[in-house]
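For reference, the structure discussed in these notes is given below.
The values are calculated or read from the model by the stated rules, or taken from the named source; none is laboratory data. Note that this is a predicted model, so its numbers are computed, not measured. Ideal geometry is used to build each Cβ from the backbone, glycine not excepted, and the neighbour counts take in all protein chains shown.
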Amino acid sequence: MKIFEQDPELAQFYQSELERQRHTLEMIPSENFVSEAVLEALGGVGTNKYSEGYPGQRYYGGNQYIDQIENLARDRAKQLFGVDHVNVQPYSGSPANQAAIFSVAKPGDKVMGMSLLFGGHLTHGWKVNFSGVYYNSVQYQTGPDGILDYDELEKIVKQERPRVLFCGATAYPRLFDYKRIAEIVHSVDGYFIADIAHECGLMAAKVIPTPVGHADIITTTTHKSLRGPRGAMIMCNGKTSHPLKPLSEDEPMRENLPTLIDRAIFPGLQGGPHNHTTTAIAVALGEALKPDFKVYAQQILNNAKALSASLMHEGLNLATGGTDNHLMIIDLTNLDIGGKEAELALEEIGITANKNTIPFDKRKPFDPSGVRLGTPALTTRGFKEDEMKQIGQLIAKTLKNTKNETVKEEIKKSVLEMTDKYPLYQNLKYS
């Protein structure tokens, strides 16, 4: 590797990170392992080219091949998700959400999203984020059972009349009723933005419902369950299904969403796209179009069901009582430990998870009452239901013995045995 020849100190850090990934069970639901083809694209010559603008309309010369790459990525995404228009230039998920709001709202307009404390995302109106600073943010939350109450949501929407409503979450283990949400938002002439960053791959494989045909704008990252690089996309169909009021008197009726979205990305918020990432997105989308990706996505769901069943069989409580997607939240309140302690204990035995709030959490966000787990990364490595059952047992045993070093050391050996059975990036080496 050239990194080692030029910078051995840095190469050693990278090699250590590779070994960490190889020898731990990666269970953070927003993380995954890309293919070696995606890695190759990310390290390719696309990073050398500046390409402000869009295919056929660049502000720099020499983009004839970059245009072909970007068009390929867009065409593959359109085919995969069944949409008319795709922008693959957002640098990441948060900038994509920023652009989505920017395309249909002006500063001070009302933006509504699920509260971060109930599973939502920072960019859906959280008070310290741009979406809560530059816009008038109203947050909604789940019911006492941790599940979204659509009747209550409708009441809030009719009262607040938001310009934009975000649907999507980072820690919500159930499916959304996109048709119902669209009806609610459109009844007050609002825009419906569906953020599908977490479930994107599952929707691409058509193993769970999609917001296409219901949401006005769809944003997503390209990593997580889609198993691509850390980039993002914004998708929509040609026109809104309902006429919405313009932002100002001198503006025409806002029905051309593709143009509005593209202008929001460039020149609205970004400069030149990251062409190496666009190339890697195209590779990942090509992989997702193959039949075996549907098998993979279904296995993610099967593994999540098996893991949640195992955890509950071991006496652990799960927020909402289970999962319909790729993730779950362990409610630690009956174990008398916090999420911070649980995350650390799991990391010590070789399982990477993250502390997370539970609905109506009585603890502080930096040490909440939950731990979030997901199955995409382990599914990529080849783990199936039998291993999920065993992992559930190991997690439960760890959380019940967070201060017992002897027990944790035994569990760590079991984890290493499991990771050795499913090797990762065998041909990769940095030092």
Region 265-277: number of residues that are surrounded by fewer than 24 Cβ atoms within 10 Å (Cβ to Cβ) and either among the small types (G, A, S) or assigned to a helix (DSSP H, G or I) (or both):
8
Restricting attention to region 87-94, does a residue exist that is under 16 Å from the mean Cα position of the chain (by Cα), of a type in the set (A, V, I, L, M, F, W, C) and either crowded, with 17+ Cβ neighbours inside 10 Å or under 20 Å from P229 (Cβ atoms) (or both)?
yes
Taking region 12-34 only, how many residues are out of contact with any Lys or Arg (no Cβ under 9 Å at 6 or more places or on another chain) and among the small types (G, A, S)?
1
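May I ask you to list the residues in region 394-431 that are of a type in the set (S, T, N, Q), surrounded by 11 or more Cβ atoms within 10 Å (Cβ to Cβ) and either in a helix (DSSP H, G or I) or not assigned by TED's automatic domain parsing to the domain that holds L335 (or both)?
Of region 394-431, the ones of a type in the set (S, T, N, Q) are 398, 401-402, 404, 406, 414, 419, 426-427, 431.
If we keep only those that are surrounded by 11 or more Cβ atoms within 10 Å (Cβ to Cβ) as well, we get 398, 401-402, 404, 414, 419, 431.
Hits for region 394-431 are T398, S414, T419, S431.
Checking the conditions here, which among D149, D109, D67, D75 is over 20 Å from the mean Cα position of the chain (by Cα), of a type in the set (D, E, K, R) and within 25 Å of T357 (Cα to Cα)?
Numbers: D109 fails: within 25 Å of T357 (Cα to Cα); D67 fails: within 25 Å of T357 (Cα to Cα); D75 fails: within 25 Å of T357 (Cα to Cα).
It is D149.
Looking only at region 174-191, which residues are among the hydrophobic types (A, V, I, L, M, F, W, C) and either crowded, with 22+ Cβ neighbours inside 10 Å or over 20 Å from the mean Cα position of the chain (by Cα) (or both)? Spell out the reasoning first.
Let us first name the residues in region 174-191 that are among the hydrophobic types (A, V, I, L, M, F, W, C), namely 175-176, 181-182, 184-185, 188.
Passing the criteria: F176, I181, A182, I184, V185, V188.
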Matching residues, region 377-431, being among the aromatic types (F, W, Y) and modelled with pLDDT under 95:
Y430
Going by what's in this entry, would A77 be described as part of a helix (DSSP H, G or I) and touching a strand residue (DSSP E or B) at 6+ places or on another chain (Cβ under 7 Å)?
yes
With respect to the numbered conditions (1) on the phi < 0 side of the Ramachandran plot; (2) in contact (Cβ under 8 Å) with a residue 40 or more places away in the chain; (3) in contact with a strand residue (DSSP E or B) (Cβ under 9 Å, 6 or more places away or on another chain), which one is the sole condition not fulfilled by G119?
(1)
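Taking the condition small (G, A, S) and within 19 Å of N325 (Cβ to Cβ), does G120 pass?
On the way: small (G, A, S): yes; within 19 Å of N325 (Cβ to Cβ): yes.
It is true that G120 is small (G, A, S) and within 19 Å of N325 (Cβ to Cβ).
Give me a count of the residues in region 124-141 that are in contact with a Ser or Thr (Cβ under 8 Å, 6 or more places away or on another chain) and among the hydroxyl-bearing types (S, T, Y).
Narrowing region 124-141 to residues in contact with a Ser or Thr (Cβ under 8 Å, 6 or more places away or on another chain): 124-127, 129-131, 137, 139-141.
Next, from what is left, pick out any that are among the hydroxyl-bearing types (S, T, Y): 131, 137, 140.
Final tally of qualifying residues: 3.
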Do we find a residue being of a type in the set (S, T, Y), surrounded by 24 or more Cβ atoms within 10 Å (Cβ to Cβ) and assigned to a loop (DSSP other than H, G, I, E, B) anywhere in region 214-222?
yes
